[in-house]
Amino acid sequence: MSGFSEDMPFFDEPNARPAAAPSGIAARAMAARSGQNSAPDYLRGLNPEQRLAIETTEGPVLVLAGAGTGKTRVLTTRIAHILATGRAFPSQILAVTFTNKAAREMKQRIGHLIGEGNVEGMPWLGTFHSIGVKLLRRHAELAGLKSDFTILDTDDVVRLIKQLIQAEGLDDKRWPAKTFAQMLDNWKNKGLGPDEIAEGDARSFGNGKGRQLYKAYQERLQTLNSCDFGDLLYHPIRIFRAYPDVLKEYHRKFKYILVDEYQDTNTAQYMWLRLLAQRPQAGRSPSAEGRKPDRASAGQAAPAEASERSERAAVSETKVNICCVGDDDQSIYGWRGAEVDNILRFDKDFPGATIIRLERNYRSTAHILGAASHLIAHNEGRFGKTLFTDRDDPEDDKVHVHAAWDSEEEARAIGDAIEAYQRQKHNLNDMAILVRASFQMRAFEDRFITLGLNYRVIGGPRFYERLEIRDALAFFRVVANGGDDLAFERIVNVPKRGLGEATIRQIHDTARAMRIPMLEAAATLAESDELKPKPRAALREVAANFERWQKALETKPHTELAETILEESGYTDMWKNDRSAEAPGRLENLKELIRSMEEYESLRAFLEHVALVMEAEQGESQDAVSIMTLHSAKGLEFETVFLPGWEEGLFPHQRALDEGGRSGLEEERRLAYVGLTRAKKNLHIWFVSNRLIHGLWQSTIPSRFLDELPETHVDVADGGNSYGGYGNPYGGGAFASGRAGGRQNPYGASRFDNIGANDQGSFSNTYATPGWQRAQANRTEATDRNWGTRSGHQVERIGYGETDSGYGAGRTSVKGRTIEGELIAKSVADTPSAFNVGDRVFHQKFGNGNIAAIDGNKLTIDFDKAGQKRVLDGFVAPV
DNA sequence: CACAAGAAGCTTTTT
DNA sequence: GCTTCTTGTG
């Protein structure tokens with residue numbers, strides 16, 4: 001049997017026997033079973049549905065777990081239950097999650113349940129990718145790799161593809177490597193190899209060379225002994241298909257399969273699961289009746305190994321004990337290949353599946369739940385769940401909907417609200433701002449910096465993606481694996497050693513010609529006289545360095561070695577001598593990197609961790625408001641949640657509508673649902689009338705999702721309510737009809753069509769709300785922020801490369817106050833506007849003003865009251 | 001090789 | 001409009 005080496009004890013049950021030393025919960029559970037009839041401890045406090053989900057261990061089970069219904073608890077308890085009742089050994093359980101975070105949490109909780117000491121016999125628990133690696137390391141040679149293959153990240157992949165595109169003689173401008181990397185990813189997410197992709201797809205890139213490039217790419221990966229992320233799923237799938245005996249081993253091994261966030265699985269993951277879960281049954285599909293042991297009749301004799309084990313083990317092998325947990329209403333990753341269909345189709349894929357709904361919500365108030373449920377009910381094509389709660393506290397606030405004039409005021413008002421909560425002794429840690437798109441974050445950061453309010457931004461470029469970290473890792477990678485050409489190329493000339501493009505090309509060519517890694521080629525070249533003295537000396541030093549470090553790899557502790565490498569290469573000095581603002585931070589990050597290495601046994605172990613876990617683990621060190629995208633908020637909860645930017649075009653996002661049509665809209669709605677259900681107690685939704693989009697002020701209309709909220713659970717804040725005293729600068733009248741945010745939204749009319757009377761009665765009647773004087777006041781304050789009130793307050797960026805960058809650069813950007821001459825110079829327009837500079841015009845929201853400059857259909861107007869703005873000519877009328 | 005001007009993005013993001 | 005990457009010039 002191919003791929004299993006002796007030193008990898010595969011069937012490790014005998015050593016991991018839980019019955020031998022049942023500890024913790026297992027012991028208690030067993031005692032409980034034999035003793036009284038009462039349920040074991042770990043089942044206490046669960047509701048009937050949860051218990052059903054846990055105790056229905058046999059056959060396929062789909063648990064539809066709504067937001068806040070105790071999904072993770074069910075998953076972990078289910079595993080504990082399987083173990084406690086002796087249904088399987090830990091090593092016979094496969095549990096898959098999507099994120100490292102989820103895996104970590106599950107591991108922890110299970111450890112807690114079955115007793116921390118039993119780490120030895122832990123289940124196979126991890127992300128699809130980490131389990132993929134585990135599989136692939138065992139069977140690497142079946143995929144043409146060695147078991148110590150390296151995992152490339154996206155950056156490496158793009159650089160590699162670029163080289164291939166150039167090697168093909170294609171213009172890498174016209175055919176961007178990034179685009180192809182994405183295509184590759186899509187193909188692999190669908191489990192398609194170079195020969196399986198659609199002809200059209202293959203032709204659409206690189207003058208019809210798509211397929212050829214794909215092949216060349218895979219070949220290159222093989223010579224580099226590397227994998228990309230897609231391969232971690234794709235290779236195992238192909239191995240399972242091509243080597244049924246290998247697959248069979250895993251069929252025997254895994255008795256119980258659990259999958260978290262099933263709604264997020266893509267096609268490749270689905271295929272992977274199917275292969276593992278569906279046992280060949282000679283044309284018969286396992287049904288509910290299949291619960292009875294009927295293997296014998298399937299004509300598939302129980303393998304000898306199985307008969308050695310207990311009766312029960314043999315029985316359960318015939319069944320598909322797969323349990324998928326998910327929520328179709330929280331599927332928000334369709335755009336990167338997730339197939340909601342996988343979850344909707346579950347009972348067809350696994351006939352006789354038990355479907356269990358968890359609908360009792362333990363998180364939110366009745367108002368929040370009511371609002372969320374009502375909203376999501378607008379989607380078609382869902383299983384349909386109705387969350388409920390027993391909670392009925394008349395003190396609970398309704399969901400608040402607020403209007404603001406523009407994004408700056410939105411940020412200001414939310415900042416005020418946060419401070420108000422703070423005065424009521426709420427922790428900042430319990431509050432979050434969830435945005436649709438990351439550009440929205442800026443306004444909040446700006447505002448919070450002036451306020452001196454602590455915040456933390458979650459998401460964005462991760463720790464390991466930072467420049468200095470990637471450089472350092474490249475050094476380590478070359479030391480650990482001299483054949484890592486991509487890493488070598490990254491740092492040959494770092495810090496600058498006068499090794500230009502020409503020299504590097506030469507190394508490249510030599511390496512190709514002699515079929516040796518670039519590092520070796522460099523060493524060879526350094527000893528030859530093919531180079532000019534300068535680069536030659538430089539190369540010689542590089543080669544000597546790496547030789548020395550590689551030797552030290554065996555002897556020195558890895559953290560010490562890492563430090564030495566960064567010192568001796570001159571990398572630390574490079575940043576020490578750099579007087580830019582980021583340099584100190586980068587040095588700090590390097591220190592952090594070394595520190596984090598301590599937890600790992602070796603440099604290699606650390607590098608593997610880094611490849612798979614592209615996040616820096618950081619604790620919440622201090623009290624701070626969280627700012628993040630709705631996507632990254634999935635799975636989290638907060639006492640108080642702010643959801644800004646509920647406007648058509650932004651949320652739902654225009655591109656989702658354009659590209660995804662109806663299903664795009666439904667995914668946006670699910671995203672809204674995710675947002676709403678993050679809140680435990682207080683929920684504030686905001687929309688603005690004016691937003692700066694791509695540098696242009698655009699009038700916006702309230703999101704259709706606002707109209708989809710039920711009135712009974714929603715409280716629309718009127719102007720005086722939260723702010724008091726700010727009137728409509730344009731004199732109230734028709735616009736300030738006193739019902740700021742009447743709730744009929746005219747989104748049926750054309751987008752941005754809110755000029756004139758049809759604007760009335762929509763949410764966008766925001767004059768009456770926070771007010772224009774504030775906007776005026778903003779302007780002065782916005783200027784102030786340039787010299788920052790930064791002292792004494794801390795900004796924490798989780799996973800951001802640059803710490804507060806660019807705030808000082810606001811000089812020209814204070815509310816579109818651009819230098820006029822520039823705009824006039826640019827105003828050679830392709831679409832001539834019907835206006836002339838100097839014309840007096842009227843704008844629905846900004847009032848009267850004079851045109852200062854024209855750029856195509858974009859006008860720069862000095863408004864009498866609102867100041868200078870750039871607007872599209874369609875929004876103004878001549879006076 | 002360094003710096004500056006020019007061009008292309010610009011929704012969400014894990015592994 | 002802003003930011004980021006690439007290309008061009010000294």
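Values in this text are rule-based calculations from the coordinates and carry no lab data. Keep in mind the model is a prediction, meaning the values are calculated, not measured. Neighbour counts are summed over all protein chains in view; Cβ atoms, including those assigned to glycine, are modelled from backbone coordinates with ideal geometry.
Some observations on this one:
- Of interest is the spacing of the C-alpha centroids, which for the stretch A:404-441 and the stretch A:670-696 amounts to 11 Å.
- Based on every Cα atom in the stretch A:195-245, Rg and the maximum pairwise Cα distance Dmax equal 12.8, 41 Å.
- Among A:Val435, A:Val158, a tally of other beta-carbon atoms within 10 Å of each Cβ gives an order, fewest to most, of A:Val158, A:Val435.
- When each of the peptides A:94-105, A:418-429 is scored by how many other beta carbons lie within 10 Å of its residues on average, the order from highest to lowest is A:94-105, A:418-429.
- Based on the Stokes-Einstein relation at 37 °C and a viscosity of 0.692 mPa s, and on the Kirkwood radius from alpha carbon pairs, the stretch A:494-636 is assigned a translational diffusion coefficient of 179 µm²/s.
- Theoretical FRET efficiency, 1/(1+(r/R0)^6), r = Cβ-Cβ of A:Thr85 and A:Gln278, R0 25 Å, to 0.05: 0.55
- Here the calculated FRET efficiency for A:Ala502 and A:Arg203, from their Cβ-Cβ distance with R0 = 41 Å, stands at 0.70, rounded to the nearest 0.05.
- Ranked list, fewest to most other Cβ atoms within 10 Å of each Cβ, for A:Lys680, A:Lys146, A:Lys173: A:Lys173, A:Lys146, A:Lys680
- Residue-count net charge about A:Glu141 - beta-carbon cut-off 14 Å; Lys, Arg +1, Asp, Glu -1: +3
- Derived scalar couplings ³J(HN,Hα) [the stretch A:524-532; Karplus, 6.51 cos²θ - 1.76 cosθ + 1.60; whole Hz; x for Gly, Pro]: 4, 4, 5, 8, 8, 10, 7, 10, 6
- A:Glu592 paired with A:Asn454, simple spin-label distance in nm, labels 7 Å along Cα-to-beta-carbon: 1.6 nm
- Between A:Asp509 and A:Asp195, the simple spin-label model (points 7 angstrom out along Cα→Cβ) gives 3.6 nm.
- Label zone (A:Asp390, point 7 Å along Cα-to-C-beta; backbone nitrogen cut-off 20 Å) within the stretch A:678-699: A:680-681.
- Net charge contributed by nearby residues that have their C-beta within less than 13 Å of A:Ala552 (K/R +1, D/E -1): -3
- Kirkwood Rh in Å, taken over the stretch A:582-667 so that all alpha-carbon pairs contribute: 17.2 Å
- Highest average packing first - A:439-446, A:345-352, Cβ atoms within 10 Å: A:439-446, A:345-352
- For the stretch A:150-224, the Kirkwood hydrodynamic radius comes to 12.2 Å, computed from all pairs of different C-alpha atoms.
- Projected label distance in nm at A:Arg241 and A:Ala544, using a 7 Å step from Cα toward the beta-carbon: 5.3 nm
- Working ranking of peptides A:621-631, A:50-60 by packing, defined as the average number of other Cβ atoms within 10 Å per residue, highest first, is A:50-60, A:621-631.
- The ranking of A:Leu232, A:Leu152 by Cβ neighbour count inside 10 Å, starting from the fewest, reads A:Leu152, A:Leu232.
- Cβ-defined net charge surrounding A:Gln424, 14 Å radius [Lys, Arg +1; Asp, Glu -1]: -3
- Per the Debye calculation on the stretch A:44-180 with a single equal scatterer at every Cα and no solvent contribution, log₁₀ I(q)/I(0) for q = 0.09, 0.12, 0.14 Å⁻¹ amounts to -0.45, -0.67, -0.79.
- FRET efficiency estimate (nearest 0.05) - Cβ-Cβ, A:Asp148 to A:Glu567, R0 22 angstrom: 0.20
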